[in-house]
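Contents: one structure, followed by commentary.
Throughout, read-outs are computed from the coordinates displayed, never taken from laboratory work. Quantities reported herein were computed from a predicted structural model and do not represent experimental measurements. Neighbour counts are summed over all protein chains in view; Cβ atoms, including those assigned to glycine, are modelled from backbone coordinates with ideal geometry.
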Amino acid sequence: MESLKAILVDDEWNSLENLQQKLLEFCPAIKVIAATLKPEEAISLIRAHNPDVVFLDIEMPRMNGFRMLEELKDVKAEIIFTTAYNHYAIDAIRISAFDYLVKPISVEDLQNAVNRLSAAHKLQLQEKLEVLKKSLQEHKSQETSIAIPTSEGMEFMSIKNIIRIESSSNYSKLFLLNGQALLVTRLLGDFEEMLLPYHFYRIHHSHLVNLSYIKKYIRGEGGQVVMQNGDVIDVARRKKEEFLKLIAL
């Protein structure tokens, strides 16, 4: 199983460095991709890198950990709080944090948290793959039409005419079989939920593709797919294992 991507957030450099060193030495399942002293910067890093887990300090000036999470309601990363104060535990439980580690963080507590996180992540991947396999086995017809919002109202489009969909801020861009591209006011996550049973898969946080139109897979860290219209799309490293299992069905 690939390493889980982590971002560390703490306003004290010594705490940040200490945690990063312990993860490096004792928790090989974690790959730290970014660490920052500033919660405002952390928000941008988390949105840009879509980590599996965020190790987050609570007591920080200007913006504490809870306030930071309010700004990140759309992010699905697990949260492990790191704090010197026990009295925040109830709040951490209330917002469904994955774990709560009290400083100074012991290696044993850290390893236990990471082991549970790895096991939960592996289970989630397996459950998701089972859902995908079931959806594909149902062979729902791409002849079905979906409603696409336009400036004039709604347009009904056959699913088989959509090669791929790309996220563009609060919009989504549909690339169609006839070579046209259509920008619509709907989030990529909405299309993912709608099209999952119709042989679509989100290979990257910005890309949802019609598996029927994949022409070739190119090996790499995450790899790339070449679509039948010639478009080349990156496969996110964290999606690679699940994607390869899926296309091998």
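Of note:
- Distances between placed amide hydrogens fall under 5 Å for Leu101 paired with Phe81, Thr82, Thr83, all partners being 5 or more residues away or on another chain.
- Sequentially through region 28-42, phi angles give Karplus couplings (6.51, -1.76, 1.60; θ = phi - 60°) of x, 6, 10, 10, 6, 9, 6, 9, 8, 8, 10, x, 5, 5, 4 Hz, Gly and Pro residues having no value and appearing as x.
- Database remark: amide H of Ile163 closer than 5 angstrom to the amide H of Phe175, Leu176, Leu177 (H placed geometrically; neighbours at sequence offset of 5 or more, or on other chains; Pro and chain starts carry no H).
- Relative contact order [Cα under 8 Å, 6+ residues apart], region 157-222, whole percent: 27
- Amide H contacts of Val235 (H built 1.01 Å from N, under 5 Å, at least 5 apart or other chain): Gly223, Gln224, Val225
- FRET efficiency for the Val107 to Glu2 pair, using the beta carbon distance and R₀ = 25 Å, is estimated at 0.65.
- In whole percents, the pair-distance distribution calculated for region 164-221 from its alpha-carbon pairs, binned every 10 Å from zero, is 23, 55, 21, 1.
- Normalised contact order of the chain, rounded percent, pairs of Cα under 8 Å and 6 or more residues apart: 11
- Report summary: the helix-based calculation at 222 nm, which adds -39500 (n - 2.57) for every DSSP H run with n ≥ 4 and divides by the residues of the chain, gives -10500 deg cm²/dmol.
- Hz values of 3J(HN,Hα) by residue in region 16-24 - Karplus curve (6.51, -1.76, 1.60), Gly and Pro given as x: 5, 5, 5, 5, 4, 5, 5, 5, 5
- Whole-number D in µm²/s for the chain (Stokes-Einstein; Kirkwood sum over Cα pairs; 37 °C, 0.692 mPa s): 164
- Under the Karplus curve 6.51 cos²θ - 1.76 cosθ + 1.60, θ = phi - 60°, whole-Hz ³J(HN,Hα) for region 111-121, x wherever Gly or Pro sits: 4, 4, 5, 5, 4, 5, 5, 4, 5, 5, 5
- Shape of region 145-247, Cα gyration tensor, a/c cut at 1.5: prolate
- Relative contact order for region 4-134, counting Cα pairs under 8 Å that sit 6 or more residues apart, in percent: 22
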